[in-house]
Amino acid sequence: MCRDCYDYPAAVLCNAHALELWRRLTLAVPRLITAELGITHKALREQARVSYARVIEYQRRGLIHFHAVVRLDGPDGPDQPPRAWVTSELLERTLRMAAAQVEVPAAHPDGTSPPLMLRWGRQLDTQAIQVAADLDGIADKHVAHYIAKYATKGAEDSGTVDRPIRYATQINSLKVPEHARRMIWTCFALADLPEYHDLRLRNWAHMLGYGGHFSSKSRRYSVTLTQLHQARADHTTQAARVAAGRPESDPNRTTVTTGQ
């Protein structure tokens, strides 16, 4: 990689606007589906719902890309089947169209040139997911393993650090590759420009400008994180009770815990 040729400001701005680019993609897909079927948005909501789960991965060059599972569920979520017109071909077609159309404008770093238009790249790979192994797609269990692998990776896998950098004087002493160091410097430099104030680039310099979560999902894709946390807490409490030989708790009794 030629560090003197690399466009560091554009790379940082791409990472900083990645979530907005994803948001616009998710809004464009239902719009394209309604246009292709000749129905209204209200009619689509009554028949199907676009759901997704996605994780990000840092490439070696410091840019992120998305790995996502996108579904067309029934109107009330995955427990309700969609209408017969819903096919994986329709979803793939509209996803590709949306990826080719959506863009996010960003102020040019030099302050005078036209805005940068941030778009999805050409490397878009889509595959149908089958409930079981199938020659025409990939099995759902393989997808779960695939997504879980990227959900456990962090920005430090691209050579940066796993904690916020509070002062520019800390950058030179970071044990990171020179490429990551330059991206971090760029975050601090752009943060001083008023047009990038809302991006909070200093706060996200350790993530090379990206300020979102590593994983996310639409509201009705599956169980919520709150439900998962509660299930884990209940399991841990039950295991501790059994290990200590204590009886089952009485749901009609109130327990108050105080700390000294």
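The values are calculated or read from the model by the stated rules, or taken from the named source; none is laboratory data. Quick caveat, the model's predicted, so the values are computed rather than measured. Quick reminder, even Gly has a Cβ in these numbers, built from the backbone with ideal geometry, and neighbours come from all protein chains shown.
Some values worked out for this structure:
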| quantity | calculated |
| --- | --- |
| Residues within segment 179-215 that are of a type in the set (A, V, I, L, M), farther than 28 Å from Ala68 by Cβ and either under 21 Å from the mean Cα position of the chain (by Cα) or outside any loop (DSSP other than H, G, I, E, B) (or both), tallied | 2 |
| Condition broken by Met97, with the remaining ones in (1) assigned to a loop (DSSP other than H, G, I, E, B); (2) within 30 Å of Pro9 (Cβ to Cβ) satisfied | (1) |
| When residues of segment 1-54 are limited to those that are of a type in the set (Ser, Thr, Tyr) and under 21 Å from Pro105 (Cβ atoms), the one farthest from the chain's Cα centre (by Cα) | Tyr8 |
| Tally, over segment 1-21, of residues that are surrounded by fewer than 19 Cβ atoms within 10 Å (Cβ to Cβ) and hydrophobic (A, V, I, L, M, F, W, C) | 6 |
| Filter pass, Thr34 being in contact with a Ser or Thr (Cβ under 8 Å, 6 or more places away or on another chain) and free of Cβ contacts under 8 Å to residues at least 40 places away in the same chain | yes |
| Selection from segment 73-102 of residues that are aliphatic (A, V, I, L, M) and modelled with pLDDT under 90 | Ala84, Val86 |
| Index of the failed condition, Arg31 passing every other in (1) in a helix (DSSP H, G or I); (2) buried (at least 19 other Cβ atoms within 10 Å of the Cβ); (3) basic (Lys, Arg) | (2) |
| Leading residue by the ranking (nearest to Phe66 (Cα to Cα)) among those in segment 104-130 that are small (Gly, Ala, Ser) and surrounded by fewer than 16 Cβ atoms within 10 Å (Cβ to Cβ) | Gly121 |
| Only one of Val50, Val69, Val104 that is part of a strand (DSSP E or B), more than 30 Å from Met183 (Cβ to Cβ) and touching a residue at least 24 places away in the same chain (Cβ under 8 Å) | Val50 |
| Any pair with Cβ under 6 angstrom, 6 or more apart, that starts in segment 217-244 at a residue that is outside any helix (DSSP H, G or I) and at pLDDT 85 or above and ends at one that is surrounded by 10 or more Cβ atoms within 10 Å (Cβ to Cβ) and of a type in the set (Ser, Thr, Tyr) | none |
